[in-house]
Amino acid sequence: MDTFGDRIHVQWNPKAAVTPLGQLPFFIDFLKVSGVFDVWVKGCSLHYVRNDAPDKRAVLATFVLSCSPDPGP
């Protein structure tokens, strides 16, 4: 599966109750293939003025990951 950083191997296990990444790899693949994330980054008005500020894309990616549901114990 292609991600924004690199390719990863994902194997579906229908017997597993919970997986470490849950459905996240499939959601990331959707964001990449559909172009939704790129459009969102391009249209976002977030702007930092410091030279050492993080990249807008990295900030938005962190936000998306922070909103991922926690599968719990």
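The values are calculated or read from the model by the stated rules, or taken from the named source; none is laboratory data. These figures come from a predicted structure and were not determined experimentally. When we count neighbours, we look across all protein chains shown, and the Cβ atoms used for this are built from the backbone with ideal geometry, even at glycine. We work out accessible area using only protein heavy atoms, side chains counted, and drop any ligands, DNA or RNA first. Shrake-Rupley method; radii C 1.70, N 1.55, O 1.52, S 1.80 Å.
Tabulated data for the structure shown
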{"item": "Choice from Asp55, Asp29, Asp38 showing the highest fluctuation, given a GNM over the chain with Cα pairs closer than 10 Å", "result": "Asp55"}
{"item": "Carbon plus sulfur fraction of accessible area for the chain, probe 1.4 Å, in percent", "result": "61"}
{"item": "Principal-axis tilt of helix 24-34 within the chain, Cα atoms, nearest 10 degrees", "result": "50"}
{"item": "The chain, accessible area per residue, ligands and nucleic acids excluded (1.4 Å, Å²)", "result": "83"}
{"item": "Gain upon complete extension [Val39, Ile8; 0.36 nm per residue less C-alpha separation]", "result": "8.8 nm"}
{"item": "With at most 15 other Cβ atoms within 10 Å, longest stretch of the chain clear of loop chymotrypsin sites (Phe, Trp or Tyr not before Pro) (DSSP)", "result": "13-47"}
{"item": "Once exposed loop trypsin sites (Lys or Arg not before Pro) are cut out (DSSP; at most 13 other Cβ, 10 Å), longest piece of the chain", "result": "16-49"}
{"item": "Segment 55-61 - phi-based ³J(HN,Hα) in whole Hz, Karplus 6.51/-1.76/1.60, Gly and Pro as x", "result": "5, 4, 4, 5, 5, 5, 5"}
{"item": "Percent RCO, i.e. relative contact order, over the chain, from Cα pairs under 8 Å lying at least 6 residues apart", "result": "28"}
